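As structure tokens, the structure follows; a few thoughts come after it.
The values are calculated or read from the model by the stated rules, or taken from the named source; none is laboratory data. Just so it is clear, the model here is predicted, and its values are computed rather than measured. When we count neighbours, we look across all protein chains shown, and the Cβ atoms used for this are built from the backbone with ideal geometry, even at glycine. Remember, those area values only see protein heavy atoms, side chains included, never the ligands or the DNA or RNA. Shrake-Rupley method; radii C 1.70, N 1.55, O 1.52, S 1.80 Å.
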Amino acid sequence: MIALNKIDREEAVRYLGNSGVEMNSTMEGILDICEEKILATAKPKYLYKTVALENSGLLVGNSISNHLENCQNAVILCATLGADIDKLIRTAQITDMAQAVVIDSMSSVAVEQICNKVEELIIAENPTLFTTWRFSPGYGDYPIELQSDFLRILDAPRKIGLCTNNNSILTPTKSVTAIIGLSETPIEQKRRGCQSCNLAKTCKFRKAGNHCGF
Amino acid sequence: MDFSKLLENEYVILDGGMGTMLQKSGLKLGDIPEVLNIENPEVVADIHRQYIEAGAQIISANTFGANGYKLKDSGYTVEEIISAGVKNAKSVAEGKALVALDIGPIGQLIEPSGAMTFQEAYEYFKEEILAGKDADVIFFETMTDLLELKAGILAAKENSCKPIVASMTFEENMRTFSGVSVGSAAITLQGLGVDAIGVNCSLGPDELAPVVKEFVKWSNIPVFVKPNAGLPDPNSNTYNVGPVDFAESMAKIAEYGTVKLMGGCCGTTPEYIKELKKALNCKKYKKATVTADTAICSGTTVCEISQPRVIGERINPTGKKLFKQALIDNDIDYILNQAISQVHAGADILDVNVGLPEIDEKEMMVKVVKALQSVVDVPLQIDSTKPDVLDAALRIYNGKPIVNSVNGEEKSLDTVLPLVKKYGASVIGLTLDKDGIPKTAEGRFEIAKKIVERAKALGISPKDVYIDCLTLTVSAEQEGCRETLKALHRVKTELGCKTCLGVSNISFGLPNRKLVNHIFLTMALEEGLDLPIINPNDVEMMGAIYAYKVLANIDKNSTAFIEKYNDAVVEKPKQTNSEITLSYAIMNGLKSEASALTEKALENTDPMDIVNNELIPALDKVGMDFEKGKIFLPQLIQSANVAQVCFEVIKKHLSQSNNAPVSKGKIILATVKGDIHDIGKNIVKVLLDNYGYTVVDLGRDVDPQAVVDTAIKQDIKMIGLSALMTTTLKSMEDTIALVRNTKELQNPDGSSKCVIFVGGAVLTEDYAMKIGADYYCKDAKESVDTAKKVLG
């Protein structure tokens, strides 16, 4: 079972759009409190499954076809921190908005950390195969609507309580779906850059025509 | 044969997994299994047949996921799939077994975790229930959200007369994914009048045993158990408990008593059912005694009335200027703050009263109950004199609430008690009737008796009637106090009811009211008061309760008392360091200091001077630091929060001196339809509040029409909209279009009266202009700048 025991603060600050601000003790204090709350509240759960790509209906658009070039199979995965985190964020919005935004961004980081660990499991379970990095519906031209197909294949609503709504928003909200290609031949490492970043569509740097250098 | 006849058997054998069997027959992962009812009914029928041969007395039709949401792309209607599924099962059952209409979760989360409303869930379930009218019984299975299940049960009760079985899925931590506890499920579902309750799926029989035991503790009706065949191997999807071991474990579970309906879920096959039947063959059913006391609950938390429990009285506009204003302004956050602070102070239950002539009480009550349940776990007491308000709130309440209240008048008994029965609530019974409050204890006892009898006649247990013998003001009627306590004692001992009392009325008109309240509370507790209705923020009153519980030998080893008071930090008198200025406090997030400094400044400074010369400049400075990248976003917000506290102090001061608080203008904020990410909007709200604007916050997932209606009704010229997802930008566009196209919001020349500013992660300036917004704000700070530009 994957556990969450530390949250990447630098990444959380990046999610807040505050990369480059010099750390100070006030902010450290807020981060400490929020991290503690998240670790006490999150109930990380995940699922993954290897699927054959041919006729799977999963290759929609150029981005994913490009990403999974030369892959016959892929692993689809999902992860969530559970519904209690949403409640924690809601409550913090009433009692302490500053904490609420930090809990929000730290939780987004935390669920990615869970995904990183799931990815490690997948790599370990496929020692003879080469893997792509994980790609999520909503990246590039890969339709976000496919999230519901991912969840159905994984039986996620029943097994871990992860659903989407009519607008393809994952609920609980601190959740991720993704796909990792499996190939028998080495994979040309495509540029990760902004395309694979969760913030690609929301990034303040990109809106200003720059990038964060990550 | 019907369901009630079947229950006369020692045990009722159910079937096993359907999905498992269908996969064996070649169903592909991700395919919709219910479509087979039409495309390959023989495969399904064959599985039913095998289960009946194995001994199943009720088979579940293949309808688990056949709802309008999951079937929307299947090419079939709910009616087609369900009626085919039920028909198929019936043709095999042929009197040898009953057929259950099997209903699973809709597949998207209900509010507040998701965006599906209670009514939407109700409609989905209703469609299924009408389509499955030929089934013998309705099974709700694998449910994880109690409120969604409640919508299903109400849909069943209101559209069918078939018996209902309600089963939820629990994890090893004894909770469902949405946090529902076994006790909450058991109490709520029995209250709603289902015929059996229980648990299915998720774990094997041994792992589910503690869950079943807990169900038995709370259940007066048969318990239903359908475990998986153990735990699955994630790769092979095979389960680790075989048929014989499964049956053996189930036989052990039957020993708990009350467990009557047993079968299997994922991974189980006809072989398991055959073994189960064998194992239960010569066993005798017994009903276990319910060990729990009367209780109420929220979806997550049970409050057993086995000792004094505090009902917090603060959510009530009576005599509270700021609360009234909050209701008029639709300021739900104000109410939520009141709730959270009462819970922190130790309230076990919160009374909710939002009655005010100026507002639509029903709409407000529903909104407040939903909002409260999204942030606090304690159960609620729905307080209104209007039956339609009670009805609306009881319907969407998650759990088993208390209704406040019924009294001895015929009209009250006739309108309130049926609602209490229908929604399975508890109720406060006031000992008064058309002639008022009887002077004597005897008179009040008689009314209590009448209420209890009338409740009983409707099937409401006396244990669910909490009698209020009514506190009278001792300065007006000094002999009344004794009568109240005498009546309370009799109700408790002779009628076996729990009792409640509003405490603070006792001291009206006397000096040192706190002392009188405090002593009266202690006297009442000793007479058997279970539910004092008090202000939990009153430290002495709460202290009396903690101390009473020690002296009455309820708080064993004084654990709770010691925990509460051992390390209690003696509250420091509000003293301000003379070095600290108000702007320093704001810039460094020092809330209590800032509040004290504001109070001090008000002694000799004009309130508006404090705002304009201290608060606003300090906020501007913080805003500048943020823009320059010197501080983090949370620090900006923290400063804004501190400033907010200062504003509250000033507002309070102004309202005491009867000066209306000064507002720079009203602004509507809303997160658009379909979007549930509202944190950005809430940051904007905090900042706008601080700069003196009155924010009318419509919340998240807001219908375009609601924005328009509010703008018209309150004559608001500035509207802020947010959306986080690309998928909900369309809603933003629709909302803007509706505002622009509404006649009432146009000037005579056809131009728009409203200025619309938009923001949100996926938005860009270009896109904002394209969809017709007036301003694009990249962050909360820019929203304030825009408001300054537009409203001044």
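Couple of notes before you dig in:
- Note on chain A: helix-only mean residue ellipticity at 222 nm, from DSSP H runs of 4+ residues weighted -39500 (n - 2.57) and normalised by residue number, equals -12500 deg cm²/dmol.
- Computed from backbone phi with θ = phi - 60° and the Karplus coefficients 6.51, -1.76 and 1.60, the 3J(HN,Hα) list for segment A:23-33 is 4, 9, 5, 4, 5, 4, x, 5, 4, 4, 4 Hz; x is used for glycine and proline.
- Rg/Rh (Cα only; Kirkwood hydrodynamic radius) as it applies to segment B:34-83: 1.03
- Its residue count N fixes a reference of 2.2 N^0.38 Å for segment B:1-57, and the Cα radius of gyration divided by that reference is 1.36.
- Residues of segment B:171-215 with an amide N closer than 15 Å to a point placed 7 Å from the Cα of B:A288 along the Cα-to-Cβ direction: B:182-184, B:186-187, B:197-199, B:206-215.
- Near-label residues of segment B:527-549 by backbone N, under 20 Å of a point 7 Å along Cα→Cβ of B:N566: B:543-549
- Convex hull volume of the C-alpha atoms in segment B:582-656, normalised per residue: 69 Å³.
- Karplus (6.51, -1.76, 1.60) ³J(HN,Hα), θ = phi - 60°, over segment B:470-475, in Hz, Gly and Pro reported as x: 6, 8, 9, 6, 6, 6
- Normalised per residue, the volume of the convex hull around the Cα set of the protein assembly as shown (Å³): 186
- B:M1 contributes about 130 Å² of solvent-accessible surface, heavy atoms of the protein only, 1.4 Å probe.
- Between the helical axis of B:780-791 and the longest alpha-carbon principal axis of chain B there is an angle of about 60 degrees.
- Computed from the alpha carbon positions, the gyration tensor of chain B leads to an equivalent ellipsoid with semi-axes of 49, 38, 24 Å, biggest first.
- Radius of gyration, Dmax [segment B:3-280; alpha carbons; angstrom]: 17.0, 47
- Other protein chain C-beta atoms within 10 Å of residue C-beta, averaged over B:114-121: 3.
- Long pairs among B:K320/B:K781; B:K386/B:K434; B:K753/B:K788, criterion Cα-Cα beyond 25 Å: B:K320/B:K781
- Between the residues B:A288, B:L261, B:Y69, the greatest Cα displacement towards the positive end of the dipole of chain B, with unit charges on the Cβ of Lys, Arg, Asp and Glu, is found for B:A288.
- Angle in degrees between helix A:83-95 and the longest Cα principal axis of chain A, rounded to the nearest 10: 30
- Counting only heavy atoms of the protein chains and using a 1.4 Å probe, B:T605 has close to 50 Å² of accessible surface.
- Sparse packing (at most 11 other Cβ atoms within 10 Å of the Cβ) combined with a DSSP loop state is found for the following trypsin sites (Lys or Arg not before Pro) in segment B:274-370: B:K284.
- Degrees, to the nearest 10: B:480-490 long Cα axis against longest axis of chain B: 20
- R0 of 41 Å, Cβ-Cβ distance A:D141-B:K621: FRET efficiency to nearest 0.05: 0.40
- Pairs beyond 27 Å (Cα-Cα), from B:K90/B:K400; B:K324/B:K591; B:K367/B:K421; A:K159/B:K24; B:K70/B:K770: B:K90/B:K400; B:K70/B:K770
- In summary, the convex hull built on the alpha carbon positions of segment B:707-781 has an orientation-averaged projected area of 4.9 nm².
- One decimal place: the segment B:T238-B:T559 gains 110.8 nm when fully extended, by the rule 0.36 nm per residue minus the C-alpha distance.
- B:K411 paired with B:S592, simple spin-label distance in nm, labels 7 Å along Cα-to-beta-carbon: 5.0
- Inter-label distance, A:D155 to B:Q656: 6.4 nm, where each label sits 7 Å from its Cα along the C-beta direction.
- Calculated [θ] (222 nm, deg cm²/dmol) that DSSP helices of n ≥ 4 give over chain B, each run adding -39,500 (n - 2.57): -13500 deg cm²/dmol
- For B:G399, the amide hydrogen comes within under 5 Å of no other amide hydrogen, counting only partners 5 or more places away or on other chains and with H modelled in the peptide plane.
- Part-to-part distance (alpha-carbon centres) for segment A:58-125 and segment B:268-315, which is given in Å: 36
- Theoretical FRET efficiency, 1/(1+(r/R0)^6), r = Cβ-Cβ of B:T440 and B:S475, R0 30 Å, to 0.05: 0.90
- Dipole size of chain B about its Cα centre, with +1 on Lys/Arg Cβ and -1 on Asp/Glu Cβ: approximately 1040 debye, rounded to the nearest 20.
- Applying the Karplus relation 6.51 cos²θ - 1.76 cosθ + 1.60 with θ = phi - 60° to segment B:581-592 yields 3J(HN,Hα) values of 9, 4, 5, 5, 4, 5, 5, 10, x, 9, 4, 5 Hz, where x marks Gly and Pro.
- Between amide H atoms placed 1.01 Å from N, distances below 5 Å from B:V755 occur with B:M718, B:I719, all of them 5 or more places distant or on a separate chain.
- For chain B, the relative contact order works out to 7 percent when only alpha carbon pairs closer than 8 Å and six or more residues apart are counted.
- The charge dipole of the protein assembly as shown, taken about its Cα centre with unit charges on the Cβ atoms of Lys, Arg (+1), Asp and Glu (-1) only, comes to about 780 debye.
- Rounded FRET efficiency, nearest 0.05, which uses the C-beta distance separating B:K87 from A:T50 and R0 of 56 Å: 0.90
- Accessible heavy-atom area order of B:C497, B:C282, highest first, probe of 1.4 Å: B:C282, B:C497
- The spacing between segment B:712-765 and segment B:418-457, judged by their C-alpha centroids, is 51 Å.
- With a simple spin-label model that places each label point 7 Å from the Cα along the Cα-to-Cβ direction, the separation between B:L130 and B:A552 comes to 5.1 nm.
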